[in-house]
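**Student:** Sharing a structure here in structure tokens format.
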């Protein structure tokens, strides 16, 4: 029976590393790259820098159009990485609060394992920015592998 691995992707180098790790470690698994559009956080859903002063209002049609363009860019990178590993990756997207959407997806789609990138921030930075990976580790119904940026610790 094939395993299903969920890899949340946001276009960051750490989500790329998480995807690469999943393709290396789970060669025979079905890998799903999940992108979450988060209208409450204008910079979360995009790998490119965002200047909120010039961006369309969050949740507007223009915002969603730009977010979907960025999402397609993220998925194009996912396909390129998969090709490097001679693998196929299914892409999925959803809209909402990232931690909730990732955990819900894992629960509702028979996911066997989650591989997620984390900056490994500590102290005030972690308190201010939160940690999607930390909450996913605590709430996911399955095992979670965290790929960390050890230089940020």
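Please treat every number below as a calculation from the coordinates, not as lab data. Note that this is a predicted model, so its numbers are computed, not measured. Every residue, glycine as well, gets a Cβ built from its backbone with ideal geometry; the counts of neighbours run over all protein chains shown.
**Student:** When the label point is put 7 Å from the Cα of residue 143 along its Cα-to-beta-carbon vector, which residues of region 80-113 have a backbone N closer than 13 Å?
**Tutor:** From region 80-113, the list is 112-113.
**Student:** Can you give me the distance in nm between label points at residue 40 and residue 84, each placed 7 Å from the Cα along the Cα-to-Cβ direction?
**Tutor:** Here the answer is 3.4 nm between the modelled labels.
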